[in-house]
Amino acid sequence: MANLIDTVEIAGAAVYGVRQMSYTVDGAAGKDYGAALTAAAFKESTAIEDTMNSYAVVVRQRTRKLEDLGTVMAGLNSGVTTLKVKDTESSDRTDKMSILAEAHSLAAKYGITVTCVAYEFSDGVYKAQMRRDDIYRAQNQVQYEMDREDNDLKQDMVSLNSLMSKRDNAFSAAARLIKKANDAASNTIGNIGG
């Protein structure tokens, strides 16, 4: 892997006995000190930016999973409302509902089992039916997964916010460093010329 910055002495060039240099910055030859300093100063901030982009992707995926699990839970809750209130047997069944079929397929996407005991296809829609014990078990499983995912999302958000602060600080530090170098160069030129 090539260096970010390589120094090349300019043959025969010296100012007050100080050899003059040219820089190869990220593979591009003939760059000056300012370009080399800028590349070095902003290297950290761009590395942090790349890491932030990865975290942002993870945060979006976790958010999507939480939304999907919320849809699954809503479907299960709708199914529970169709169960008998009296004589609660574990074998009681919900009504056949399209939202339960959707909950089944959406939960399976995340490795969660939503056990349906009957399916039917009518009017272009899949409908499913669940037993009381299966639907309560599925609710608990989905709720656990939502809590776990929410906790992970919060941790990722804290990490993302921390990276954003580090990136902003790195950009500010790089800008200050470059400004100081430019001021020093201007002062030196001013002193030589005066």
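Figures for the structure shown
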read-out	value
Length-normalised contact order for region 77-194 - Cα pairs under 8 Å, 6+ apart - percent	21 percent
Sum of -39500 (n - 2.57) over DSSP H runs of 4+, divided by residues of the chain (222 nm, nearest 500)	-23000 deg cm²/dmol
Longest to shortest principal axis, alpha-carbon extents of the chain, angstrom	100, 26, 26
Residue-normalised accessible area of region 61-150, expressed per residue, 1.4 Å probe, Å²	57 Å²
Loop-located GluC sites (Glu not before Pro) in region 85-143 whose Cβ has at most 14 other Cβ within 10 Å (DSSP)	Glu89
Size of charge dipole - the chain - debye, nearest 20, with Cβ of Lys, Arg +1 and Asp, Glu -1, no other charges	300 debye
Cβ-Cβ FRET estimate between Arg19 and Thr51, R0 fixed at 35 Å, reported to 0.05	0.35
Dipole moment magnitude, nearest 20 debye, region 7-58 about Cα centre, only Lys, Arg, Asp, Glu C-beta charged	180 debye
Assigned charges on the beta-carbon of Lys, Arg, Asp, Glu; region 69-128 dipole about Cα centre (debye)	100 debye
Share of carbon and sulfur in the accessible heavy-atom surface of region 1-119 [1.4 Å probe, %]	52 percent
Neighbour cut-off at most 11 other Cβ (10 Å), DSSP loop, trypsin sites (Lys or Arg not before Pro), region 1-94	Lys84, Lys86
Distant alpha-carbon pairs in region 129-183 (separation over 14 angstrom), percent	73 percent
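The values are calculated or read from the model by the stated rules, or taken from the named source; none is laboratory data. All figures in this text were calculated on a predicted structure; none of them were measured in a lab. Every residue, glycine among them, receives a Cβ derived from its backbone with ideal geometry; neighbour counts consider all protein chains shown. Remember, those area values only see protein heavy atoms, side chains included, never the ligands or the DNA or RNA. Shrake-Rupley method; radii C 1.70, N 1.55, O 1.52, S 1.80 Å.
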